[in-house]
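The values are calculated or read from the model by the stated rules, or taken from the named source; none is laboratory data. Not measured: the values here are computed from a predicted model. Cβ: placed from backbone, ideal geometry, glycine included. Neighbour counts: every protein chain shown. Only protein heavy atoms, including side chains, enter the accessible area calculation; ligands, DNA and RNA are left aside. Shrake-Rupley method; radii C 1.70, N 1.55, O 1.52, S 1.80 Å.
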Amino acid sequence: MEVKIGVQHAPREITLESGQSAEEVERLVAEALGGKAQVLTLEDNHGRKVLVPSDRLAYVELGEPTARKVGFGAA
């Protein structure tokens, strides 16, 4: 799933493809915003971790992954 994270005072958003479910990402974001966790930690499809301080979160957008188009066929 595609996850976009807006960070306060940062000009660009963080975008990653995560193998985590939408429910799991939503739970982690809720914990970070609710004060249960000081850092939002997400893992992408390549095993890299993204750490964002919870007090710097501007928004988190969850979406479906974009399918990669391969070949020269008509769409």
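Just a few scattered comments:
- Counting only trypsin sites (Lys or Arg not before Pro) that DSSP places in a loop and that have at most 13 other Cβ atoms within 10 Å, the longest clean stretch of the chain runs over 13-35.
- Based on C-alpha pairs under 8 angstrom that are at least 6 apart in sequence, the chain has a relative contact order of 37 percent.
- Relative to the longest principal axis of the Cα atoms of the chain, the long axis of helix 22-33 makes an angle of roughly 30 degrees.
- Listed values [x] 18, 49, 21, 8, 3; [y] 20, 40, 23, 13, 4, 0; [z] 20, 59, 20, 0 include one computed from this model; for P(r) over Cα pairs in 10 Å bins from 0, in percent that value carries the label [x].
- Exposure ranking of 42, 28 by accessible area [1.4 Å probe, largest first]: 28, 42
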